[in-house]
1. Among (1) open to solvent by less than 30 Å² (accessible area, probe 1.4 Å); (2) among the polar types (S, T, N, Q); (3) over 17 Å from the mean Cα position of the chain (by Cα), where does ASN136 come up short?
2. Just the residues that are among the aliphatic types (A, V, I, L, M) and more than 19 Å from the chain's Cα centre (by Cα), please, taken from segment 90-124.
3. Are any residues in segment 168-204 of a type in the set (D, E, K, R) and either within 14 Å of VAL27 (Cα to Cα) or in a helix (DSSP H, G or I) (or both), and if so, which ones?
4. Checking the condition touching a residue at least 40 places away in the same chain (Cβ under 8 Å), of a type in the set (Lys, Arg) and surrounded by fewer than 23 Cβ atoms within 10 Å (Cβ to Cβ), which residue from ARG118, ARG98, ARG104, ARG66 passes?
5. Filter segment 177-203 for residues that are touching a Phe, Trp or Tyr at 6+ places or on another chain (Cβ under 9 Å) and modelled with pLDDT under 95 and give the result.
6. Which members of segment 153-201 meet the condition of being among the β-branched types (Val, Ile, Thr), open to solvent by less than 40 Å² (accessible area, probe 1.4 Å) and under 17 Å from ALA247 (Cβ atoms)?
7. With respect to ALA110, determine if the residue is in contact with a Lys or Arg (Cβ under 6 Å, 6 or more places away or on another chain), without any contact (Cβ under 8 Å) to a residue 60 or more places away in the chain and surrounded by 15 or more Cβ atoms within 10 Å (Cβ to Cβ).
8. Could you check segment 220-243 and list, in sequence order, the residues that are of a type in the set (A, V, I, L, M, F, W, C) and at pLDDT 70 or above?
Amino acid sequence: MPDLAMRDQAEGLRRLMCRKGLRVLPVAGGANAAERSLAIAQLAAALGAAGCATVVLDQSKGAVARALGASPRYELLHLIEGEKSFGEIAVSGSDGVRLVSASRGLARLAQSGGQGERLFGTFARLESPADLVLLNVESPEIAARVLPAGEGEVLLIASTAPESVTGAYAHIKQLVRTRGLARFRVLLADSVDAANGRRVLDNIAAVARRFLGAQIAPAAIVPRDPRWRSAAGRDGALVLRAPEAPAARVLRRLASDIEAWRLIELPARSQ
């Protein structure tokens with residue numbers, strides 16, 4: 001029965017995501033790139049396992065690649081300069097997940113005036129088009145300049161550690177002020193105490209609403225699992241390595257919930 005339920009969920013999510021065309025979800029926050037990248041790697045695997053063709057656009061200098069156990073040879077800048085094709089810069093991972101290193105490429109696009117519509121439109125026009133782009137936000141200022149037009153939600157990664165909460169709030173502040181994004185979801189990763197996690201979420205929401213006018217909603221509280229930090233490669237992802245673990249179930253539910261979020265959207269095959 002669990003296998004049948006997972007197949008039904010995968011088919012439903014694939015159908016719904018494809019119907020909506022390409023969607024873009026910026027992922028920000030966290031005290032450091034490693035913390036955020038682990039969560040992105042785990043979420044990407046959950047989305048891929050559920051049938052969502054996912055591209056991870058990594059603004060960090062290889063943090064997500066390391067979390068996925070990947071070693072990209074090229075990056076987005078090589079595509080922008082016409083030196084390489086998408087197939088050459090993208091590293092294929094588990095269940096349709098593709099990773100594009102993009103630190104230098106996104107910086108170049110930001111310097112030249114953004115061009116977010118053109119960049120993300122390429123992901124919708126691929127021979128095997130993406131359903132969802134997860135943008136790992138290392139620099140909110142640069143990310144704000146390259147995101148395509150439209151209002152959408154941002155996923156924040158944090159833990160209950162004070163420095164992580166501070167880092168998440170700093171990203172909220174920057175994205176509100178540089179792009180006007182005001183709707184955020186918070187994922188608390190590797191959480192020991194669910195009750196304390198909810199208090200942390202409530203505090204972030206209250207402060208962001210009071211001082212920034214931002215709306216903060218919970219995305220998920222992922223319970224602590226010793227396998228969380230061994231996400232490297234296809235077999236490291238919790239949803240693949242231990243599908244019945246509580247943390248894996250939370251990730252699968254989050255992957256399904258994202259379909260109903262209000263995300264930046266582009267037509268599936270825009271010209």
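1. Exception for ASN136: condition (3).
2. Those that are among the aliphatic types (A, V, I, L, M) and more than 19 Å from the chain's Cα centre (by Cα): LEU109, ALA110.
3. Restricting attention to segment 168-204, the residues satisfying the condition of being of a type in the set (D, E, K, R) are 173, 177, 179, 183, 185, 190, 193, 198-199, 202.
LYS173, ARG177, ARG179, ARG183, ARG185, ARG198, ARG199, ASP202, listed by residue number.
4. The conditions single out ARG66.
5. Listed by number, the residues that qualify are ALA189, ASP190.
6. ILE157, VAL186
7. Working: in contact with a Lys or Arg (Cβ under 6 Å, 6 or more places away or on another chain): yes; without any contact (Cβ under 8 Å) to a residue 60 or more places away in the chain: yes; surrounded by 15 or more Cβ atoms within 10 Å (Cβ to Cβ): yes.
So ALA110 passes the test.
8. ALA220, ILE221, VAL222, TRP228, ALA237, LEU238, VAL239, LEU240, ALA242
The values are calculated or read from the model by the stated rules, or taken from the named source; none is laboratory data. Since we're looking at a predicted model, the values are computed, not measured. For neighbour counting, all protein chains shown are included, and Cβ atoms are generated from backbone atoms with ideal geometry for every residue, glycine included. Areas reflect the complete protein model, heavy atoms only, side chains present, ligands, DNA and RNA absent. Shrake-Rupley method; radii C 1.70, N 1.55, O 1.52, S 1.80 Å.
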